[in-house]
1. Go through (1) within 11 Å of ligand 1 (Cβ to nearest atom); (2) in contact with a His (Cβ under 9 Å, 6 or more places away or on another chain) for G31 and report which single condition fails.
2. When only residues in region 46-57 that are assigned to a loop (DSSP other than H, G, I, E, B) and buried (at least 20 other Cβ atoms within 10 Å of the Cβ) count, which is farthest from ligand 1 (Cβ to nearest atom)?
3. For region 58-71, name all the residues that are open to solvent by 20 Å² or more (accessible area, probe 1.4 Å) and within 23 Å of A156 (Cβ to Cβ).
4. I'm trying to understand the selection: among the residues of region 58-73, which are in contact (Cβ under 8 Å) with a residue 24 or more places away in the chain and either over 18 Å from the mean Cα position of the chain (by Cα) or part of a strand (DSSP E or B) (or both)?
5. For region 188-209, how many residues meet the condition of being touching a Ser or Thr at 6+ places or on another chain (Cβ under 7 Å) and in a loop (DSSP other than H, G, I, E, B)?
6. Filter region 15-33 down to residues that are more than 16 Å from ligand 2 (Cβ to nearest atom) and either in a strand (DSSP E or B) or open to solvent by less than 60 Å² (accessible area, probe 1.4 Å) (or both), then give me how many there are.
Amino acid sequence: MIKANNLQKSYQMGEINLEVIKNLSLVINEGEFISIVGPSGSGKSTLLNMLGCLDKPTSGEISVDGQDITSMNKTQLANFRGEKIGFIFQSFNLIPVLSVYENIEYPLIMIQNLEENERKKRVFELLSEVGMSDQANKFPNQISGGQRQRVAIARALVTSPKIVFADEPTANLDSKTSYQVIDLMRKMHKEHNTTFIFATHDEKIVSMVNRIVTIVDGEITDDKRISK
Ligand code: ADP
Ligand code: MG
């Protein structure tokens with residue numbers, strides 16, 4: 001599903017060249033439920049953003065679902081992302097002026113030529129799957145953090161992406177809500193065989209995944225598969 005070969009990412013900070021990802025290679029297969037772990041600042045988000053086509057490596061190649069993404073231009077990348085990839089962020093990143101319904105509908109409007117009826121059906125399916133059907137007309141500031149993350153999960157999955165990236169998705173949630181959100185993501189993973197790639201050190205997530213890749217200072221130091 002994802003092949004990264006000799007990835008390198010550096011930032012030029014004045015005189016200093018900060019090498020954040022160092023010659024990293026990684027293969028992730030379809031249907032994996034995997035977490036990238038490592039200390040804060042080790043490069044987890046940087047790696048996730050590159051694998052998720054949000055950011056480009058300084059050098060190296062990435063292929064996603066059989067396509068070389070490192071050679072794509074911005075428009076091609078945006079279309080590719082829209083079709084294949086969903087994102088869930090620590091801070092939910094909902095659009096405040098859009099209702100819950102409209103937030104979930106948004107990716108469908110942006111990238112897929114669906115009839116309004118078709119869109120509506122799809123949004124309501126997802127609302128129901130994340131247990132938010134009765135909150136469709138509320139706005140993000142009228143619902144709790146856990147509910148916001150449910151909406152974000154619905155938004156990430158509404159296009160039926162092959163891969164979902166989730167960067168610290170439970171970092172702003174209390175423990176009980178975290179468990180509910182994790183259960184929900186696991187259910188989505190099982191029912192749709194969606195590949196989930198987390199970046200987190202939340203033990204609640206790490207104990208659920210079937211593979212743990214550790215990165216320290218931009219390099220993979222451990223790659224462990226856990227049979228469930
Ligand atoms: P993690 O997600 O593991 O906490 P990050 O990928 O966010 O780590 O960051 C890794 C390193 O890269 C950090 O030292 C961070 O300061 C640096 N970094 C990230 N983004 C940028 C940027 N846009 N410009 C300069 N340095 C950056
Ligand atoms: Mg991070």
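1. (1)
2. C53
3. Once the filter is applied, which keeps residues that are open to solvent by 20 Å² or more (accessible area, probe 1.4 Å) and within 23 Å of A156 (Cβ to Cβ), region 58-71 yields S63, D65, G66, Q67.
4. Within region 58-73, T58, S59, G60, E61, I62, S63, V64 qualify.
5. 3
6. Qualifying residue count, region 15-33: 12.
The values are calculated or read from the model by the stated rules, or taken from the named source; none is laboratory data. Since we're looking at a predicted model, the values are computed, not measured. Note that we place each Cβ from the backbone using ideal geometry, even for glycine, and neighbour counts take in every protein chain shown. Surface areas here come from the heavy atoms of the whole protein model, side chains and all, with no ligands, DNA or RNA. Shrake-Rupley method; radii C 1.70, N 1.55, O 1.52, S 1.80 Å.
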